[in-house]
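See structure below.
Laboratory data are not the source of any read-out in this text; all were calculated from the coordinates shown. As the structure is a computational prediction, the values presented were derived from the model and not from experiment. Note: ideal-geometry Cβ built from the backbone for every residue, glycine included; neighbour counts use all protein chains shown.
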Amino acid sequence: MTSTIAHIDGSFCEGGGQLLRNAVALSALLSKPISIANIRSNRRPPGLRKQHETGINLATTISAGESEGVDLGSTSVTFKPGKIELPRTLTADPGTASSTTLLLQLALPCLLFSSSPTTPSQLTLRGGTNASQAPQIDYTQHVFLPFMKRHFGVDVALKILRRGYFPKGGGVVFCSVPQIAEALPPVTLTERGPVQVIRGEARVGGLPFILAERMKNAARTRLLAGGISPTAIRINAIRETQEQTFGSGGGILLLAETENGCIIGGSSVSTKSKAPEEIGNEAADELLRNLGHDGCIDEYLQDQIAIFMALAKGRSEVKTGPLTDHTRTAIKIAEQMTGATFLLEENPSGCVIIRCDGIGYTPSL
């Protein structure tokens, strides 16, 4: 392990938890110790929340590392990874409604590479599955993981054992993460092709089924107004059983599938302050906005794949819509930690081409 510590400004750009997750994941994977200051300095309250504390502790366990400053509210952390030995059987539980999908974002790169692949690692994540300020578990299952399988050859199996809605949490997600010994291939995705079908699920747990129906109908009406053919829209309304969920809540995920295999998402999570129609409209508007830029990935996949583009071998090239601050943050951390080079072609139309010359990471013996 190198003795030089990389110093990272936690207030850069988006300045939130994503910077922390990506930096710690790459630190563990590349055996590069890091020191992060000004953590979430532009958030109120600033510093680590329970989710971030749980994530860093998970990475510490995976990498047999050491950490300092991993306490609630801390604004500076030092992380010194050890050696990752796989496979592992792990459980992470923040004891709150913190997002399981964000914990997976941190853990996945750490569990993915092994010089001698054996059986998959088993990861159980507890907490929130459908909450705002994070991808819903449905998005991870139906957009992110299919992208990873199709373009990077990474086939992660994810099973939702129980949904946990904000503010109670209580969800349980099981992941089986395979190991690979070779570098990830580069991805080239610049031609979306026409939309063939828009699928969706409007779901509720612990609430009346009619609320899911209202979300579904509102989303369909908004998509029709946006020019989508009625024959292309296939949205289901679902009410979960008591065994399938903890607490009460709901949400909707819409997926546009294109001729060239692209999957573009739009989603929204139910809250007490919003009518079901507003939730359905928000998801449809988000999907239509992402489709309007003619990109091959949506605004939420941008930042999630940056770390893997940096690790891949050769030049990756992906067409998307306007870059989010999350994506700019992910690119900055990937460049600083890996040495990969990103090139951005931002067009007046709002379309952006993200190019990355990756490092071709392979696990050391």
- What do you get when you divide the Cα radius of gyration of region 86-181 by 2.2 N^0.38 Å, with N the number of residues? 1.05
- Which angle between 0 and 90 degrees, to the nearest 10, do you get for helix 100-112 versus the longest principal axis of the chain when only C-alpha atoms count? 40
- Express in whole angstrom the spacing between the alpha-carbon centres of region 80-96 and region 238-276. 29
- Task: Output the pairs from 159/313; 149/319; 149/274; 80/332; 159/332; 32/313 with a Cα-Cα distance over 24 Å in this structure; if there are none, say none.
- Result: 159/313; 149/274; 159/332
- Task: Compute the long axis of helix 276-292 from its Cα atoms, compare it with the longest principal axis of the Cα atoms of the chain, and write down the angle in degrees, 0 to 90, nearest 10.
- Result: 70
- Task: List the lysines whose Cα lies under 23 Å from the Cα of residue 272, skipping any in the same chain that are fewer than 8 positions away.
- Result: 168, 216
- Query: Over its Cα atoms, what ratio of radius of gyration to 2.2 N^0.38 Å does region 278-355 give?
  - Reply: 1.16
- Message: Relative contact order for region 296-365: what percent, with Cα pairs under 8 Å and sequence separation of 6 or more?
- Response: 41
- Task: Can you tell me the order of 110-119, 166-175 when each peptide is scored by its average per-residue count of other Cβ atoms within 10 angstrom, highest first?
- Result: 166-175, 110-119
- Task: Give the share of C-alpha pairs in each 5 angstrom bin for region 1-83, from 0 to the last occupied bin, in whole percents, shortest bins first.
- Result: 3, 18, 31, 26, 15, 6, 1, 0
- Query: Per the Kirkwood treatment, what hydrodynamic radius in Å, one decimal, follows for region 122-270 from the mean inverse distance over all distinct Cα pairs?
  - Reply: 16.6
- Task: Could you estimate the translational diffusion coefficient of the chain from the Stokes-Einstein equation, with Rh from the Kirkwood formula over C-alpha pairs, at 25 °C and 0.890 mPa s, in whole µm²/s?
- Result: 118
- Note on the structure: If one compares the long axis through the Cα atoms of helix 299-311 with the longest principal axis of the Cα atoms of the chain, the angle in degrees, nearest 10, works out at 30
- Note on the structure: Partner aspartates and glutamates whose C-alpha sits under 20 Å from that of residue 83, ignoring same-chain residues fewer than 8 away, are 66, 68, 182
- Roughly how many nanometres apart are two label points built 7 Å out from the Cα toward the Cβ at residue 341 and residue 44? 4.3
- Message: What does DSSP give for region 1-83 in terms of the percent of beta bridges that are antiparallel, rounded to the nearest 5?
- Response: 60
- Query: What is the antiparallel percent of DSSP beta bridges lying wholly in the chain, to the nearest 5?
  - Reply: 65
- Message: Using the crude model of +1 on Lys and Arg Cβ and -1 on Asp and Glu Cβ, and no other charge, please compute the dipole size for region 32-153 relative to its Cα centre, in debye to 20.
- Response: 260
